[in-house]
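Enquirer: Below you'll find the structure I mean.
The values are calculated or read from the model by the stated rules, or taken from the named source; none is laboratory data. All values derive from a computational prediction rather than experimental measurement. In this analysis, Cβ positions are derived from the backbone assuming ideal geometry, glycine residues included, and neighbour counts consider all displayed protein chains. The protein model used for the area step is the full one, side chains on, heavy atoms only, and it has no ligands, DNA or RNA in it. Shrake-Rupley method; radii C 1.70, N 1.55, O 1.52, S 1.80 Å.
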Amino acid sequence: MARYELVKGSLALITLTNPPVNALSSAVRYGITEKIKRALGDPKVKAVVICGENERFCGGADIREFAAPMRGHSLVMLFDDIEAGEKPVIAAIEGVALGGGFELALACHYRIAHSKARLGLPEVTLGLLPAAGGTQRLPRLIGIPAALELITTGHHVSAQEALKLGMVDQITDENACKMAVEFALRAVAKPLSSRRISTLTMPCPPNLDALFEAVTMQVQKKARGVMAPLACIQAVRAAATLPYSKGMKRESELMASLFSSSQARALQYCFFAQRTAGKWTLPSGAQWSNIKPRDIRRAAVIGLGTMGRGIAVSLARVGISVIAVETEKKLLETGRQMVIGMLERDAKRRGVTASLYLLQFTLSLQDVKDVDIVIEAVFEDMSLKKRLFRDLSKVCRPSTLLYTNTSGLDVDALAGVTDRPHMVAGMHFFSPAHVMKLLEVICGPRSSSETIATAMSLGKRMGKVCVAVGNCPGFVGNRMVKTYTDQANFLLEEGATPEQVDGALEEFGFAMGVFRMSDLAGLDVGWRIRKESGLTGPDVDPKDPPHRRQGHRYSPIPDMLCEQGRMGQKTGCGWYVYEKPGGTEAKPDPLIQKLLEGYRVRYSIQPRKISSQELIERCLYVLANEGFRVLEDGIAVQPEDIDVIYLFGYGFPRHRGGPMFYANMVGLGRVLDRLEHYHHAHPDVPHLKPSQLLKKLVACGSPPIQKWKEHIKTMHSHL
Ligand SMILES: CCCCCCCC/C=C\C/C=C/C(=O)SCCNC(=O)CCNC(=O)[C@H](O)C(C)(C)COP(=O)(O)OP(=O)(O)OC[C@H]1O[C@@H](n2cnc3c(N)ncnc32)[C@H](O)[C@@H]1OP(=O)(O)O
């Protein structure tokens, strides 16, 4: 796990050998400890270079080992030994030096980085802190403000930024290991005392208390209820106020408080869930590792509304040429200006040139005849989309893949009108499409594995987190979210206010509660969908009373708001009132209070005081319950896929892991009990009825989430 070579007669070269990222597993820690001892004890060796195999220095501690109590050699002792040694040790950083990997580099006397390397202390994103001296050495090296920024955000920095900050001593475009060897030969003659970071005097700004207070407030605002960033601040404060050895003791105490916390477990689960979701498998056995995606160079985007514009920008900024099609001159011109503006702003932010030459705008569908793929992003209307897919069948060459950006319509119905149903699938982007990371790839029953592989690979190329899901109304994300918004509406009927529901959800960790989010997205979106599905408007069965539709409880309150022109932020009022149309500061609206009171009187509903616990349980347990149904129906193959969709598409708080992980943390037995309780109280809400899979898992003793798949296997997959 660590190789030892003697080079140039007097240098020990220690190479970490634990692919793919040379994580510091127990075996690697043992290997480095042994090799360092050997190098320091060998009189022939005058200096040491540490590097990583496969041009990657080190991705940090082995996160998989955090699931159990830590055993084996301690990083802290190893790093203290390296730093205290009497021979210069040089870190040759290629690829990445992250977390424990960067802490290893900080214990070395010199750091040489390749110009493409990235460095950082991302432990906070895993619910931890850099507990191998990172919180004590980094502030001594680069100062408290810069260290606080890096440690509390977990941001990685480029080698150039690292050099500017003083995190590395030199950067090179050549092989960093070769450079470090040359460097080491020169370093032998130099004194080491000033190179031991733990012994450096802390550069303390005068207004220390104010600085820590400001950072604490910033962190509390950005990451409400998240423990790790606050613990990071306390550890850096210890570095600023205590001698090194006492600071290290504090660092270790704070790490102990985080190490087995539910937040750390959730955040580490998210890390692996994201990687698991990328590894899709179809029932045919085709999977990410055995199907070659097509190479996409030319794409067409049909429709230049909000979604189409974002999709066009996402494609062009990764070098794909885009033909954007609209039906009217005015719409085309507006779309053109918006896309160009977005691409220019994006390029400016990234310090690159906007690839405007890749864009072409047209009113003629004929112009898409030679593209590799088409992504349809027209109005959410099945007959319009069917017409378009028929036309695309005629216009496009036979090899063109066709994708729809529908947010919930039947992908197979669209495939059915084309001459190539196996080459049709869904690519469901989230708004704004050039910003949001999630892409749901919808596999129709006839979609070929190549069609899916190409969508997944193209999504990844665009920087998206892609999840392959089956075809059903709303797919995974929107199918589940309906149950959550329904509960929120019912809670209003029963006595809650929008601000109470939102307050509870925001306290739980959502950046925005369901009503504030709905105001931001626009209430008309859901209204249109409900009208199309006959839940409101002229197609409603006249026998249905206002609060029942298609045999189930229904809340007409969102429709009432839309009928009054309250479409959310864009009209200046929705569930809240705003300072002006387009305003963003949500204030409780007495008119909504009146509307709710009137509604309750009209339907003889006795309002009651509803606890935050009930608000959370009703909204989130019903969400997880639908997630179990999604798994049961084979629309998602594993809980990780659902959680990733909720983390990246719906703002589910990462430190809670996602709706399925959260249910697992609460305890499946408890979730089942509470759903039974609520279903008993509201028998006309079928979504509150516990799913078969949830009951089955509880009957099997509530296995951990990683084992659920074994119980789902017997069911039918729609992927
Ligand atoms: C009582 C309390 C006592 C506690 C005592 C504890 C002492 C601990 C002391 C010190 C604290 C130090 C903590 C840490 O170092 S935590 C780890 C910090 N590092 C990170 O967060 C980096 C995580 N990795 C990444 O960001 C990326 O993987 C990457 C940038 C390194 C590479 O990206 P990419 O090329 O895109 O590859 P993948 O992400 O797909 O990864 C490939 C593969 O490798 C796995 N993997 C990556 N990093 C780690 C890791 N640190 N540990 C384990 N496994 C890792 C990843 O899961 C992929 O695996 P695969 O899906 O099976 O292929």
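Enquirer: Hey, if you put +1 on the Cβ of every Lys and Arg and -1 on every Asp and Glu Cβ in region 1-84, which of 11, 84, 33 ends up farthest toward the positive end of that dipole?
Expert: With unit charges placed on the Cβ atoms, the residue in question is 11.
Enquirer: Mind putting a number on the dipole of the chain about its Cα centre? Charges go on the C-beta only, +1 for Lys and Arg and -1 for Asp and Glu, and I need it in Debye to the nearest 20.
Expert: 1140
Enquirer: Okay, next question. What is the Cα centroid distance between region 40-80 and region 127-164, reported in whole angstrom?
Expert: Their Cα centres are 19 Å away from one another.
Enquirer: Amide H neighbours of residue 427 under 5 Å, counting only residues 5+ apart in sequence or on other chains, H built in-plane at 1.01 Å?
Expert: 404, 405, 406, 442
Enquirer: If you don't mind, there's one more thing I want to ask. Could you work out Rg/(2.2 N^0.38 Å) for region 527-663, with Rg from alpha carbons only?
Expert: Taking the Cα Rg and dividing by 2.2 N^0.38 Å, one obtains 1.26.
Enquirer: Once the Cα atoms of helix 144-153 and of the chain are each reduced to a long axis, what angle between those two axes, in degrees from 0 to 90 to the nearest 10, is obtained?
Expert: Roughly 50 degrees between the two axes.
Enquirer: Hey, can you grab everything whose amide H is under 5 Å from the amide H of residue 549? Only 5+ residues off in sequence or another chain; H modelled, so Pro and N-termini drop out.
Expert: Those lying under 5 Å, H to H, from residue 549 are 554.
Enquirer: Which ³J(HN,Hα) values, rounded to whole Hz and listed in residue order, are derived for region 4-13 from phi using the Karplus coefficients 6.51, -1.76 and 1.60 in 6.51 cos²θ - 1.76 cosθ + 1.60 with θ = phi - 60°, glycine and proline given as x?
Expert: Rounded to whole hertz, the list is 10, 9, 9, 10, 6, x, 9, 10, 9, 10.
Enquirer: List the extent of the Cα atoms of region 496-602 along each of their three principal axes, largest first, rounded to whole Å.
Expert: So the three principal-axis extents are 40, 26, 25 Å.
Enquirer: Can you list the trypsin sites (Lys or Arg not before Pro) in region 416-493 that are in a DSSP coil and have 16 or fewer other beta carbons within 10 angstrom?
Expert: 437
Enquirer: Largest first and in whole Å, give the semi-axes of the chain's equivalent ellipsoid, each being the square root of 5 times a Cα gyration tensor eigenvalue.
Expert: Details: eigenvalues 485, 199, 123 Å².
Output for the chain: semi-axes of 49, 32, 25 Å.
Enquirer: Let me ask something additional. Considering the dipole of the chain built from charges on the beta carbon (Lys and Arg +1, Asp and Glu -1) around the Cα centre, which of 115, 569, 644 is farthest to its positive end?
Expert: 115
Enquirer: Name the residue from 340, 392, 304 whose Cα lies farthest towards the positive end of the charge dipole of region 300-400, charges +1 on Cβ of Lys and Arg and -1 on Cβ of Asp and Glu.
Expert: The Cα lying farthest towards the positive end belongs to 340.
Enquirer: Once you sort the root eigenvalues of the Cα gyration tensor of region 160-220 as a ≥ b ≥ c, which label holds: rounded (a/c under 1.5), prolate (a/b larger than b/c) or oblate (the other case)?
Expert: oblate
Enquirer: Based on alpha-carbon centroids, what's the gap between region 456-519 and region 575-637 in Å, whole number please?
Expert: Between the Cα centre of region 456-519 and that of region 575-637, the gap is 11 Å.
Enquirer: Using a probe of 1.4 angstrom, how much of the accessible area of the chain is carbon and sulfur, in percent?
Expert: Accessible surface attributable to carbon and sulfur in the chain totals 55 percent.
Enquirer: Check the straight Cα-Cα distances from residue 330 and name the lysines below 29 Å, setting aside those fewer than 8 residues away within the same chain.
Expert: Once the sequence-local lysines are set aside, what remains near residue 330 is 348, 369, 385, 386, 394, 531, 570, 580.
Enquirer: So for region 288-472, averaging the separation of alpha carbon pairs under 8 Å that are six or more residues apart and normalising by length, what relative contact order in percent results? Could the numbers behind the result be given before it?
Expert: Numbers: 381 pairs, mean separation 42.1, N = 185.
The value is 23 percent.
Enquirer: Further question on the same structure: Answer rounded, prolate or oblate for region 615-671, using the Cα gyration tensor with square roots of eigenvalues a ≥ b ≥ c: rounded when a/c is under 1.5, else prolate when a/b is larger than b/c, else oblate. Working shown, then result.
Expert: Details: a/c = 1.59, a/b = 1.10, b/c = 1.45.
Oblate, because a/c is 1.5 or more while a/b does not exceed b/c.
Enquirer: Enumerate by residue number the trypsin sites (Lys or Arg not before Pro) in region 31-70 meeting two conditions: DSSP loop (anything except H, G, I, E, B), and at most 14 other Cβ atoms within 10 Å of the site's Cβ.
Expert: 44
Enquirer: Excluding the sites themselves, what is the longest stretch of the chain that contains no GluC sites (Glu not before Pro) in a DSSP loop with at most 16 other C-beta atoms within 10 Å?
Expert: Between the exposed loop sites, the longest stretch runs 329-578.
Enquirer: Over the Cα atoms of region 332-428, how large are the radius of gyration and the largest Cα-Cα distance (Dmax), in Å?
Expert: For region 332-428, the Cα radius of gyration and maximum Cα-Cα distance read 15.3, 44 Å.
Enquirer: Net charge within 14 Å of residue 172 by Cβ-Cβ distance, Lys/Arg positive one each and Asp/Glu negative one each, not counting residue 172 itself?
Expert: Working: positive: 111, 116, 178; negative: 55, 94, 169, 173, 174, 182.
In short, -3.
Enquirer: For 369, 222, write out the residues from largest to smallest accessible area, computed with a 1.4 angstrom probe and no ligands counted.
Expert: Details: 369 100, 222 165 Å².
Largest accessible area first, the residues go 222, 369.
Enquirer: Could you report the accessible area of residue 265 in Å², rounded to 10, computed with a 1.4 Å probe on the protein chains as they sit in the structure?
Expert: We get 140 Å² for residue 265.
Enquirer: Heavy-atom accessible area of residue 73 with all protein chains present, probe 1.4 Å, nearest 10 Å²?
Expert: Approximately 70 Å² of residue 73 is accessible to the 1.4 Å probe.
Enquirer: Rounding to the nearest 10 and keeping the result within 0 to 90°, find how far the Cα-based axis of helix 75-84 lies from the longest principal axis of the chain.
Expert: 40
Enquirer: Take the alpha carbon gyration tensor of region 99-160, find the square roots of its eigenvalues, order them as a ≥ b ≥ c, and report rounded if a/c is under 1.5; if not, report prolate when a/b exceeds b/c, else oblate.
Expert: Details: a/c = 1.43, a/b = 1.25, b/c = 1.15.
Judged from the Cα gyration tensor, region 99-160 comes out rounded (a/c under 1.5).
Enquirer: Given a 1.4 Å probe, how much area per residue of the chain is accessible, in Å²?
Expert: 42
Enquirer: Might you report the magnitude of the Cβ-based charge dipole of region 496-602 about its Cα centre, with Lys and Arg at +1 and Asp and Glu at -1, to the nearest 20 debye?
Expert: Using Cβ point charges on Lys, Arg, Asp and Glu, region 496-602 gives about 360 debye.
Enquirer: Turning to a different aspect of this structure: Give me the mean projected area, in nm² to one decimal, of the convex hull enclosing the Cα positions of region 7-101. Could you put the intermediate results ahead of the total?
Expert: Numbers: hull surface 23.3 nm².
Its Cα hull, projected and averaged over all orientations, spans 5.8 nm².
Enquirer: Cross-link list 46/116; 8/46; 292/707; 87/164: which exceed 20 angstrom alpha carbon to alpha carbon?
Expert: Beyond 20 Å: 46/116; 292/707; 87/164.
Enquirer: Kirkwood Rh over Cα pairs of region 464-544 into Stokes-Einstein at 10 °C, 1.306 mPa s: D in µm²/s?
Expert: For these conditions, the coefficient is 108 µm²/s.
Enquirer: Per-residue ellipticity at 222 nm for the chain, helices alone: DSSP H runs ≥ 4 residues times -39500 (n - 2.57), over residue total, nearest 500 deg cm²/dmol?
Expert: -14000 deg cm²/dmol
Enquirer: Quick one: helix 208-222 against the long Cα principal axis of the chain, what's the angle to the nearest 10°, folded into 0 to 90?
Expert: 30
Enquirer: Within region 549-623, report the trypsin sites (Lys or Arg not before Pro) that DSSP leaves as loop and that have at most 15 other Cβ atoms within 10 Å.
Expert: Details: sites: 549, 553, 566, 570, 594, 600, 602, 608, 609, 618; in loops: 566, 608, 609.
Filter output for region 549-623: 608, 609.
Enquirer: Rounded to the nearest 10 Å², what accessible area does residue 603 show when all protein chains are kept and the probe is 1.4 Å?
Expert: Accessible area, nearest 10 Å²: 60 Å².
Enquirer: Give, rounded to the nearest 20 debye, the magnitude of the charge dipole that region 288-472 has about its Cα centre when Lys and Arg contribute +1 at Cβ and Asp and Glu contribute -1 at Cβ.
Expert: Approximately 500 debye in magnitude.
Enquirer: Largest first, what is the accessible-area ranking of 186, 195, 275 with a 1.4 Å probe? If you can, show how the numbers build up before the last one.
Expert: Working: 186 135, 195 55, 275 115 Å².
I get 186, 275, 195, largest accessible area first.
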